[in-house]
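Below you'll find the structure, written out as structure tokens, and then a few comments.
The values are calculated or read from the model by the stated rules, or taken from the named source; none is laboratory data. Here the structure is a predicted model, which is why all the values come from computation and not from measurement. Don't worry about glycine lacking a Cβ; one is built from the backbone with ideal geometry, like all the others, and counts go over all protein chains shown.
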Amino acid sequence: MKKHILIIFTTIMLLLVSASCSVNVSTDATIESGHEELRIHFIDVGQADCILIELPTDEEVLIDSGNREDSGVIINYLDELGIEDIEYFILTHPHEDHIGSAPDVLNNYDVDKIYMPDVSADSQIYKNTIQAIHNENTELIKAKAGTSIIDSSNLSFDVLAPNSMWYSETNEYSLVTRLVYKDTSFLFTGDAESVSELEMVKAGYEIDSDLLKVGHHGGETSSSQIFLDAVTPKYAVISVGKDNPYGHPHKKTLNRLNAMGASVYRTDELSTITALSDGSQIKIDKAEFSEEKNINKTNYIGNINSMKFHYLDCSSVINMKDTNKKLFRNRADAVKQGFIPCSICKP
Ligand SMILES: [Zn+2]
Ligand SMILES: [Zn+2]
């Protein structure tokens, strides 16, 4: 849930209470508090996965959390969008490139529910993640094929894998989820490989999807032909690092996707990729803002004496003592810390 939505909602509720308004107003409130668009952000975390989904219900889903060193990128990205709560946090499987920043995400945001497969790992990052879940008292759901996360008329979010209790590969335990918003559908596969893919096809689930988050960073042992034939993706997104040592994405995988007629989008080439759906059409784009440009960038300057904040080019900044300056990357941070906007530059 976003902060400004909360503010709008609170204001509307106060208005409702104070003026004891008619039913008409509450109908408007319902419409205004939601947006019609579903927004998916494949955040560029290099050779790892991290997908943020802004649901039309104003709830947020985070699928995976990059590597350990990606927490700055992820937190900056979420903060830039004004996100404070994550309603559904999916950790597809306990490999470091998927749960790496989970403890930091749990520490920085209110997470309602966390979904993980029923498999553990003998790693420090896994232990830290479980510890953070306990510390934050977050509800942990051990999910598997058949688990329903969201089930409403226009929006559904279901777990399609894993279908077995035991696999020889940790990747095969990946929680595979399918999101459907009106006439558009999205399949998120984590690092699931051909064993799990075949199980999904055999189980007869509805897996035909407009957009496929390609399994295991485009590795050869995922995106098997039988699976792609069932998914028939129009768009395929590969989350992969530049010059990674695994040779991902594999040429054969790219060939299979191309032969399907899928448009392939790669984070190593485009950085963060967004997919927007109005319920009938999907639009793929580069992110509205590039993380690289935004990290450590100062956009506002506050004066700790006057407690006002300014644009960098405001005339009052020139005369400001360096010792009084406080730098802010985004407006929300300045407001949060009690600074008020300058009446000249109106930031
Ligand atoms: Zn991975
Ligand atoms: Zn993995």
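Kindly evaluate TYR126 against the criterion of being in the same structural domain as GLY247 (by TED's automatic domain parsing), in contact (Cβ under 8 Å) with a residue 60 or more places away in the chain, surrounded by 17 or more Cβ atoms within 10 Å (Cβ to Cβ) and not in a loop (DSSP other than H, G, I, E, B).
no
For the stretch 255-280, what are the residues that are surrounded by fewer than 19 Cβ atoms within 10 Å (Cβ to Cβ) and assigned to a helix (DSSP H, G or I)?
Hits for the stretch 255-280 are ASN255, ASN258, ALA259, GLU269, LEU270.
From the list ILE75, ILE125, which residue is within 16 Å of ligand 1 (Cβ to nearest atom), of a type in the set (A, V, I, L, M) and farther than 27 Å from ALA203 by Cα?
Details: ILE75 fails: within 16 Å of ligand 1 (Cβ to nearest atom).
It is ILE125.
Among the residues of the stretch 186-208, is any part of a strand (DSSP E or B) and either free of Cβ contacts under 8 Å to residues at least 60 places away in the same chain or within 16 Å of ligand 2 (Cβ to nearest atom) (or both)?
Yes, the conditions are met somewhere in the stretch 186-208.
Residues to consider are PRO103, PRO56, PRO94; find the one that is over 13 Å from the mean Cα position of the chain (by Cα), within 16 Å of ligand 2 (Cβ to nearest atom) and either surrounded by fewer than 23 Cβ atoms within 10 Å (Cβ to Cβ) or at pLDDT 95 or above (or both).
PRO94
Looking at THR57, THR92 in this structure, which one is part of a loop (DSSP other than H, G, I, E, B), touching a residue at least 40 places away in the same chain (Cβ under 8 Å), assigned by TED's automatic domain parsing to the domain that holds PHE188 and touching a His at 6+ places or on another chain (Cβ under 6 Å)?
None of the other options fit; the residue is THR92.
Can TYR167 be described as within 16 Å of ligand 2 (Cβ to nearest atom) and aromatic (Phe, Trp, Tyr)?
Considered against the rule, which asks whether it is within 16 Å of ligand 2 (Cβ to nearest atom) and aromatic (Phe, Trp, Tyr), TYR167 comes out as yes.
Restricting the stretch 135-185 to residues that are part of a loop (DSSP other than H, G, I, E, B) and within 16 Å of ligand 1 (Cβ to nearest atom), which is surrounded by the fewest Cβ atoms within 10 Å (Cβ to Cβ)?
Result: GLU169.
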